[in-house]
Structure formats: structure tokens, C-alpha cells
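Asker: I am attaching a structure below and will ask some questions about it afterwards.
What follows is calculated from the coordinates using simple rules that are stated; it is not laboratory data. Small disclaimer: the values here were computed from a predicted structure and weren't measured.
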Amino acid sequence: VIIGRAKKSDIAIRLPTISRQHARIDNEKENGHVFLNALTKKNPMYVNNEVVNGKCQLFDGDIIMIGPRKYLFRDTRVLTL
């Protein structure tokens, strides 16, 4: 999943502080881990108020902040009814 300002992004955030390709979310099929990968160093992003420089593993309930926007990461594998 690509996050960025470009129209072709999977998650498009149309703000000037967002890079065209700002970040990528990867799901590693072998172990099931999900990672947020920074694709730019120009505009920082945060997970749970900590700067992400490179790669950061995501867990259910993490708050991702890209520019002024906040997103809640939900891992459906851990959701129970």
C-alpha cells in the first residue's frame, strides 16, 4: 500500500506537506508482520508520537501521523467479536 500525494497512491493525501510517495505499508507473508516504511526524509511521519526514520513494525491500535492527519492502524487478525 502506497501513501502519498500522487493521485495513483493507494491512500492519497492531497496536502503540500505530503510527498508524492511518502510511505509504504508492507505485509510480510512469511511471518505476518506489518511494517510502515518511510519513502522520504523530507517530511517526517510518526507512529505513536515517535518519528519513523526507515522501517517501523505496526501493531493493532497504533496511531500513524502523516502531515496533519492521524490514522488508526487496525490489524484484523487480532480483532475478536
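Asker: Residues with amide H under 5 Å of LEU58's amide H, sequence separation 5 or more or different chain, H placed in the peptide plane at 1.01 Å from N; which?
Answerer: For LEU58, whose amide H was placed from the backbone, the distant partners under 5 Å are VAL34, PHE35, LEU36.
Asker: Still on this structure, I have one more. From the convex hull of the Cα coordinates of the range 11-52, what is the mean projected area in square nanometres?
Answerer: Details: hull surface 14.4 nm².
For the Cα atoms of the range 11-52, the hull's average projected area reads 3.6 nm².
Asker: Over all directions, what mean area does the Cα convex hull of the chain project, stated in square nanometres?
Answerer: Numbers: hull surface 22.8 nm².
Projected area, direction-averaged: 5.7 nm².
Asker: Grab the Cα-Cα distance for THR40 and LYS55, subtract it from 0.36 nm times how many residues apart they are, and report the gain in nm with one decimal. If you can, show how the numbers build up before the last one.
Answerer: Working: separation 15, 0.36 × 15 = 5.40 nm, distance 1.14 nm.
Length gained between THR40 and LYS55: 4.3 nm.
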